[in-house]
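Okay, structure first, notes after.
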Amino acid sequence: VQLQASGGGLVQAGGSLRLSCTESRRISSNNAMGWFRQAPGKEREFVAAISWRGGTQNYADSVKGRFTISRDNAKNTVYLQMNSLNPEDTAVYYCAVALRPYSGADPGSYKYWGQGTLVTVSS
């Protein structure tokens, strides 16, 4: 299973980016997907998760109201719309697939991980 994340880049504070992650074998359509991030010198942290049909979303407190996770199962793709970005959002963002229909912040519940896409927010 391969997950290909894209959409990262350099953006000014207050700007927006949309990340995408496409999964190669369609296992994601029956399973929850999530986004995590890892800033330099810090541990990987949970950002957002979405249930297999998209009806349930969970967010880290630090991104609530600014980020939106969504999915298109026909395209095996999960998205992360990031608005009102600030320098503290600078990190490598990873997508992941859990082998269960609902999942949350525990990285141990995710089976497959993408390679990450770098988001840099300048002040």
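The values are calculated or read from the model by the stated rules, or taken from the named source; none is laboratory data. Since the structure is predicted, the reported quantities are computational estimates derived from the model, not experimental observations. Here the Cβ is made from the backbone with ideal geometry for all residues, glycine too, and neighbour counts use every protein chain on show. All accessible areas refer to the heavy atoms of the entire protein, side chains included, with ligands and DNA or RNA removed. Shrake-Rupley method; radii C 1.70, N 1.55, O 1.52, S 1.80 Å.
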*Would you check if Leu10 is open to solvent by 70 Å² or more (accessible area, probe 1.4 Å), under 18 Å from Ser122 (Cα atoms) and of a type outside the set (Gly, Ala, Ser)?*
yes
*asked:* For segment 40-57: of the residues being out of contact with any Phe, Trp or Tyr (no Cβ under 6 Å at 6 or more places or on another chain) and open to solvent by less than 30 Å² (accessible area, probe 1.4 Å), which is modelled with the lowest pLDDT?
replied: Gly54
*Quick one: which residue in Gly65, Gly34 is out of contact with any helix residue (DSSP H, G or I) (no Cβ under 6 Å at 6 or more places or on another chain) and part of a strand (DSSP E or B)?*
Gly34
*Would you mind stating whether Arg71 is within 13 Å of the chain's Cα centre (by Cα) and closer than 22 Å to Ser122 by Cα?*
no
*asked:* Regarding segment 71-94, can at least one residue be identified that is surrounded by fewer than 22 Cβ atoms within 10 Å (Cβ to Cβ), assigned to a helix (DSSP H, G or I) and among the acidic types (Asp, Glu)?
replied: yes
*Would you say Arg37 is within 15 Å of Thr117 (Cα to Cα), open to solvent by less than 30 Å² (accessible area, probe 1.4 Å) and either touching a residue at least 12 places away in the same chain (Cβ under 8 Å) or among the hydroxyl-bearing types (Ser, Thr, Tyr) (or both)?*
yes
*asked:* For segment 40-73, which positions are touching a residue at least 24 places away in the same chain (Cβ under 8 Å) and of a type in the set (Ser, Thr, Tyr)?
replied: Ser51, Thr56, Ser62
*Out of the residues in segment 95-121 that are open to solvent by 30 Å² or more (accessible area, probe 1.4 Å) and in a helix (DSSP H, G or I), state the one that is nearest to Phe67 (Cα to Cα).*
Pro107
